[in-house]
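A quick write-up on the structure given underneath.
The values are calculated or read from the model by the stated rules, or taken from the named source; none is laboratory data. From a predicted model like this one, the values you see are computed outputs, not experimental measurements. Using ideal geometry, Cβ is built from the backbone for each residue, glycine included, and neighbour counts are taken over all protein chains shown. These accessible areas exclude ligands, DNA and RNA; they are computed on the full protein's heavy atoms, side chains included. Shrake-Rupley method; radii C 1.70, N 1.55, O 1.52, S 1.80 Å.
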Amino acid sequence: MRKIIIYILFLISYTNAYGQYKPKSEILNIKELKVVNEDLFHVLDSIIDVKSKVTYFKDGTLFTMWFGIDSIKPDLVVIWAEGKKVVGANHDLGLFDYKENTFLVRGENLDTTVFAKTDRTRKFDFTYSPIEVLKGKRIVFDLYADDRFCTWTCRYRNGKFILLSFESSDSNVKSFDNTELEYQEKED
């Protein structure tokens, strides 16, 4: 009988130890970048200001910037507020800090008219799950993670950035979209 009790206790503790959720993440070394085209800063200032008004994203400091993801509009830059974590590494070319925010630059090729690589790298922790373990070891599943967004587009042409649009899941912050108007005017 004693062996059975010991076996059951062992089985319970084994199940408990492996049943605990461990958040999945991947830590990568990402190249630090220097912004060489300072025209980008006026767009970033606007983005940081607007992001501070969006309820879910106002405390987050992480952004992703995609260059060249639209084959029809290759000079279109898409910027997402990520909040406090970035889900998954994806075509990361480097990162830079600006006004206490971190911007991950993504795309196929680094535009050297905007950025220069430095000799420094930084460890960056990419998460792979909407599940979080809070300080009290309480597990929380973020049911609304896929419903929240905060995104901007801008155009980079002839060394200049033009902010074109903003859209957010927060209906209290006014959206705007001048993308098609900008492309029609410049193409005519």
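With the requirement that a residue be at pLDDT 95 or above and not in a strand (DSSP E or B), what does the stretch 132-179 give you?
Matches in the stretch 132-179: none.
Any idea which of (1) in contact with a strand residue (DSSP E or B) (Cβ under 6 Å, 6 or more places away or on another chain); (2) open to solvent by 50 Å² or more (accessible area, probe 1.4 Å); (3) within 16 Å of residue 35 (Cα to Cα); (4) part of a loop (DSSP other than H, G, I, E, B) is the one residue 121 doesn't satisfy?
Residue 121 satisfies all of (1) in contact with a strand residue (DSSP E or B) (Cβ under 6 Å, 6 or more places away or on another chain); (2) open to solvent by 50 Å² or more (accessible area, probe 1.4 Å); (3) within 16 Å of residue 35 (Cα to Cα); (4) part of a loop (DSSP other than H, G, I, E, B) except (4).
Identify the residue in the stretch 86-107 that is out of contact with any Leu (no Cβ under 6 Å at 6 or more places or on another chain) and modelled with pLDDT under 90 and, among all such residues, is nearest to residue 61 (Cα to Cα).
87
Is it the case that residue 5 is surrounded by fewer than 10 Cβ atoms within 10 Å (Cβ to Cβ), farther than 29 Å from residue 167 by Cα, at pLDDT 60 or above and among the β-branched types (Val, Ile, Thr)?
Values: surrounded by fewer than 10 Cβ atoms within 10 Å (Cβ to Cβ): yes; farther than 29 Å from residue 167 by Cα: yes; at pLDDT 60 or above: yes; among the β-branched types (Val, Ile, Thr): yes.
Criteria met by residue 5.
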